[in-house]
Each structure stands twice: as structure tokens, then as C-alpha cells.
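Note sheet for the following structure.
The values are calculated or read from the model by the stated rules, or taken from the named source; none is laboratory data. Keep in mind the model is a prediction, meaning the values are calculated, not measured. Cβ placement follows ideal geometry from the backbone for every residue including glycine, while neighbour counts extend to all protein chains displayed.
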Amino acid sequence: MEVTRLLSILRIAGIVLALIGLSLPMVSPHSGNLASILLGIGTLCLLGYFALHFRSLTTLARTRSTRLGAHSLLSVLLAGVVVGLINFLAAKHAPQWDFSETQNFTLSRQTYQVLRALPRKVGITVFTHEGSPGYGAYQDLLTTYAKESPLITLEFIDPERQPGKAKEYQVSRIDTAIVESGSQKLYLQRASEADMTNALLRVTQDTKKRIAFVTGHGEKSLTDTESSGLSRAGDALTKQGYAVETVEWQATASRDAAVLVIASPTQSVSSEDERRIRQFLEKGGRLLVMGDPGTHASLDSLLSPWGIQLGKGILADEQDRLGRGSPTALLVRTFTTHDITEDFTTPILFPVSRPVTFDAAQGKAWEFVALAQTSPESWEETDLTSPQPEFTAGQDPKGPFTVAGLLTPKPMDQSPPAQSAVIIVGNAAFASNGYLTYPGNTDFFLKAIAWLAQEDALVSLTPKEPAFHPFVPNPSQEQALVFFQVLFLPLLTLFLGLSVWKRRRSL
């Protein structure tokens, strides 16, 4: 009787102490040795119970029900081990599939190339917390980056819990990412694949490419903050990691710039200045020429040796235009398959543009590619005195027209072609402060500069369109919605209610 009682006490004490030893670290992480001691005592009690009860257990094990139960228990344990191994292998080595509508978790081909070719380690520090708007976007994007390259070190810091770190990095705004490598450091304010890949390229290079805007003949200015200025274009290029500067026409030939930008001069350009531009191209230079209609200065003498001519009229298009505005406000949607416009779906807003034409007979040494074109319904308005452009058959040329084109030199005598290139746009206002905020304009301007600067990895990094497209009504649609929701629906409900009430009373 006493032995049976002792066995019961050992069994109960062993089970209780073992359970307490296993669960105590979950309840109190700092329990430390106490949990181990209780688990050890419980194990000893259970071992004592089995030792004193060995003969009974041996007899019990020989019964048929015990063997079946043990077989079932082993089967369950084996299945658990198999499932655990599958989960472990899946977590470590399983491929990943992106089933999101906009492929938010899939990087572009160019980004994968950049990650595989990183020359040195890059640290990415993100100052954010779980409640901030950008936390999820940074987490999804940068986790993918870190998985693809062992050279990337990723760290998330809550600036409220670690204000010293935020002060050290001079961070005063939540959702700020710092990308640094060596002595280079860049600050990003949003989780964008294009910005992040661009930052990786910038910080792993010790030199910055210079973009020089030519001045001296009334061109649009980088310091002009008015709607017609180019201050936003300069800021956008600076954020892309370029060194932006201005240069006089007299210094263009000797200037070591990756790209020269001529933004619609309003004063006559001398033949000597044009010769300097040609010398810059002969040395392998690259050029972006933008010309607004109606300017007093003519670029014909500069462009004609290349076979390029800017039309005298203004392009109009009833099909591809901005809303119900003037047909001269073009929304260009037709693009070629060149690297600059590859997979380009966002329309470009060209206000008051003129056509770009190429004469192959005159420009024998050049190859021309049309980058953006108007629709077949467009025409060139030659009557510039008319307040409302209208197509006049027999007088106005019919479209489509090229509004942006690219010139590259042809190879001569089996030798590789020169590195020089020229992009000509029949409008400079699209890059001005008043229009650069339009998404298509920003993308086209930055991609054109990136291609000219020979940074092809950035050319095709277009932002992914969101799956949710909000409906923003115009004034007439807004009035219709107010009438329908505020007046029509309540009155209809009242009418139906009165009809039902009257019908029931008549029964």
C-alpha cells in the first residue's frame, strides 16, 4: 500500500515539476537556473517512478492494446518529424513566387544585375517604426534586396527609442533610409526600387557624373523657381546623384561633362558657339537639345548638319491631348522600343510642341530613332495667329509627327561607332517647373539623361503602378454624384416607403 502511494506521488510530482520547468521560461524569461532545477527534479521523479514500476510496465507493454497505442504514437511522432523537416527545408531553400497584382515583391532585371555586380559592401539603415506609413514598403522592398546580395547589410532603427542614432545620422524625418558605402552616403525619403537601385550605384562609385546646362543665350535657368524655370529639374538630377552645373557656350568644347543640355535659347547663337558644340560631340560628348516654339533664336544652323530640322508650326492633336483643353497640349502615348522608352506606358505632356524631322540625305553620318510620336489624327498648325487651332486640308501637314528623337553616329570602315549621341525634343517646357511634376515628364527627362550619361542600369526602372486606382471626379461628375447621393437616393427611398405604407393601409 505504501509503495503504491509512493509511486503515485513520484508520478504526479514528476509531471508537475517537469511542466513547470518547461513553461517557466515562457512566463518569466529571467527565471534562469530555477527552471532547469525544476525540470531536473521532475525528470528524476519520473525516472524513479519508472524504475520502481518496471515490472508492471513490462507486463503492460506485452498487451495488444499497448502495442497498438505505441504504434499509433510512433506514427504521430514520425509524421510530426516529417512535417517539421519539410517546413525547415521550405524556410531555408524553397523558391518564392510573387502572386501580387502589381508584382510588388519582384525586382526588375536591371536591379538584379546591379545587385550581382556590387563591388563592395553597402549598409542600408532605415529610421522607421511599425506604425509609420512607410514601414511595410521598406520592409518588403529591402528584405528582397538583402536576400539577393550578401554585400548588403540592412538595419531598421526606431528613432523614438534610439534618438542618439537619429542624431548621429542627422535624421529629422520618419521613414528615412540612409544608403552608405565607403565615404559615400545618400538619403532616401521613400521606398522606391528606382531610387534604391540608383542609390546603390551612386554610393559604390567615388565620382559623380556632371550634367552641364549651357547658358549665355537666354536659356531656361536652373536657378529660376518660376513655372518656366528648371530648378526642379536640377533638384531631380541632384537627387539622382549627379553633379549639376552651368557652363558658358565658350567653355563647352573643353568642358569634361557627361551630358550638355541646351534648353531653348532665346537669343541668336553664333557660328563659333555652334562649332564648340560640334567639337564636344566629336570628342564623344552627349547632348540634349530642347527647343520651344516661338523663340526668336533659331537652332537650324546647329541641327541642319545632322539632318535635323525643327518645324516652324505648332503640333495639335484632337485625339491625344490634355482633357478638353487646347489640342496643342499634347499627351504623347506612342513610343518606340528603344532603351529610353522601353515599357514606357505613362503619357508625356508636351505643351505647345513642334515637330522634329530627319533628312537622311543630309545627315548621312547619323542614325535617327523616333522616341515619341503624336497620333495619326495630329497636324502641324501653320496659322499661328489663330486663337483656336483647326486643321486646314491642303495647308496643314497631317501626322503622325516625331516630338522627340535620338541621333547616334553610324559606324565607318568597320570601326566601332563613336560614343557621341544627341537627343532632340521639340519642346523644352515639359522639363520646366510647371510641367515636370507630371509623372511621364519626370520619367522621360530622367531616363533620357540617364541614357546619355551611359547609366543604362537605371533606364528601365519605371515605378510599378498601384493596384488601387482612386476615382477623382471632375466638377460635372462631382455635381452628378452629389445629386444622386444627396437628393435622388433619399427621395427614392421616401417615395418607396410612402408607396408601401399607403398600400398596406388600403388592405
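For the range 169-182, the set of residues classified as under 22 Å from the mean Cα position of the chain (by Cα) and either touching a residue at least 60 places away in the same chain (Cβ under 8 Å) or farther than 23 Å from P133 by Cα (or both) consists of E180, S181, listed by residue number. Filtering the range 228-253 to residues that are closer than 18 Å to F430 by Cβ, among the hydroxyl-bearing types (S, T, Y) and touching a Leu at 6+ places or on another chain (Cβ under 8 Å) leaves only S231. Looking only at residues of the range 343-389 that are touching a residue at least 60 places away in the same chain (Cβ under 8 Å) and of a type in the set (G, A, S), we find that the one that is farthest from N441 (Cα to Cα) is S378. Here K220, K185, K208 are screened, and the one residue that is basic (K, R) and without any contact (Cβ under 8 Å) to a residue 24 or more places away in the chain is K185. Would you confirm whether any residue within the range 239-251 is in contact with a Lys or Arg (Cβ under 6 Å, 6 or more places away or on another chain), surrounded by 15 or more Cβ atoms within 10 Å (Cβ to Cβ) and of a type in the set (F, W, Y)? Within the range 239-251, one or more residues are in contact with a Lys or Arg (Cβ under 6 Å, 6 or more places away or on another chain), surrounded by 15 or more Cβ atoms within 10 Å (Cβ to Cβ) and of a type in the set (F, W, Y). Highlighted here are the strands (runs of 3 or more DSSP E) found entirely within the range 327-422 that include at least 2 residues which are of a type outside the set (A, V, I, L, M, F, W, C) and in the same structural domain as Q309 (by TED's automatic domain parsing): 366-373, 378-381, 402-409.
When restricted to residues that are outside any strand (DSSP E or B), farther than 17 Å from S432 by Cα and small (G, A, S), the range 199-251 contains 4. Considering V16, V27, the condition of being of a type in the set (V, I, T), out of contact with any Pro (no Cβ under 8 Å at 6 or more places or on another chain) and surrounded by fewer than 13 Cβ atoms within 10 Å (Cβ to Cβ) is satisfied by V27 alone.
Can A257 be described as surrounded by 14 or more Cβ atoms within 10 Å (Cβ to Cβ), assigned by TED's automatic domain parsing to the domain that holds F444 and in contact with a helix residue (DSSP H, G or I) (Cβ under 6 Å, 6 or more places away or on another chain)? Judged against the criteria, A257 is not a match. Test T111 against the stated conditions and say whether it is modelled with pLDDT under 85, crowded, with 18+ Cβ neighbours inside 10 Å, under 19 Å from the mean Cα position of the chain (by Cα) and assigned to a helix (DSSP H, G or I). For T111, the condition - modelled with pLDDT under 85, crowded, with 18+ Cβ neighbours inside 10 Å, under 19 Å from the mean Cα position of the chain (by Cα) and assigned to a helix (DSSP H, G or I) - is met. Residue under question is T225, and the condition is that it be over 14 Å from A428 (Cα atoms), touching a helix residue (DSSP H, G or I) at 6+ places or on another chain (Cβ under 8 Å) and of a type outside the set (D, E); does it hold? Here the answer is yes, as T225 does meet what is asked. Can F350 be described as aromatic (F, W, Y), touching a helix residue (DSSP H, G or I) at 6+ places or on another chain (Cβ under 7 Å) and surrounded by 18 or more Cβ atoms within 10 Å (Cβ to Cβ)? So F350 fits the description; yes.
Residues that are of a type outside the set (A, V, I, L, M) and touching a Gly at 6+ places or on another chain (Cβ under 8 Å) were ranked within the range 403-423; the one that is modelled with the highest pLDDT is S420. Taken together, G497, G426, G434 contain a single residue that is surrounded by fewer than 11 Cβ atoms within 10 Å (Cβ to Cβ) and at pLDDT 85 or above, which is G497. Among all positions in the range 388-405, there is at least one residue which is of a type in the set (V, I, T) and surrounded by 13 or more Cβ atoms within 10 Å (Cβ to Cβ). Can you confirm whether K165 is basic (K, R), within 27 Å of L452 (Cα to Cα) and outside the structural domain of F430 (by TED's automatic domain parsing)? Taking the combined requirement at face value, the residue does not satisfy it. With a requirement of 1 or more residues that are of a type in the set (D, E, K, R) and out of contact with any Cys (no Cβ under 8 Å at 6 or more places or on another chain), the strands (runs of 3 or more DSSP E) lying completely within the range 259-319 that satisfy it span 286-290, 314-317. The lone criterion from (1) among the polar types (S, T, N, Q); (2) more than 19 Å from the chain's Cα centre (by Cα); (3) modelled with pLDDT under 85 left unmet by S227 is number (3).
In the range 140-193, of all residues being among the hydroxyl-bearing types (S, T, Y) and part of a strand (DSSP E or B), the one that is nearest to L118 (Cα to Cα) corresponds to S181. Here is the figure for the range 252-282: residues that are at pLDDT below 85 and of a type in the set (K, R) total 1. G394 satisfies every condition listed in (1) more than 26 Å from K410 (Cα to Cα); (2) in contact with a strand residue (DSSP E or B) (Cβ under 8 Å, 6 or more places away or on another chain) except (2). All told, L73 meets the bar of being at pLDDT 70 or above, surrounded by 10 or more Cβ atoms within 10 Å (Cβ to Cβ), under 25 Å from A13 (Cβ atoms) and within 60 Å of the chain's Cα centre (by Cα). Would you mind stating whether S476 is under 24 Å from L322 (Cβ atoms) and modelled with pLDDT of 85 or more? Against the criterion (under 24 Å from L322 (Cβ atoms) and modelled with pLDDT of 85 or more), S476 does not qualify. If the condition is being surrounded by 18 or more Cβ atoms within 10 Å (Cβ to Cβ), under 20 Å from G405 (Cα atoms) and not small (G, A, S), then the range 373-387 contributes Q373, T374, W379, E380. In the range 178-214, the qualifying residues are those that are hydroxyl-bearing (S, T, Y) and crowded, with 20+ Cβ neighbours inside 10 Å, and the one that is nearest to T111 (Cα to Cα) is T197. If only residues of the range 36-62 that are small (G, A, S) and modelled with pLDDT of 75 or more are counted, the one that is surrounded by the most Cβ atoms within 10 Å (Cβ to Cβ) is G42.
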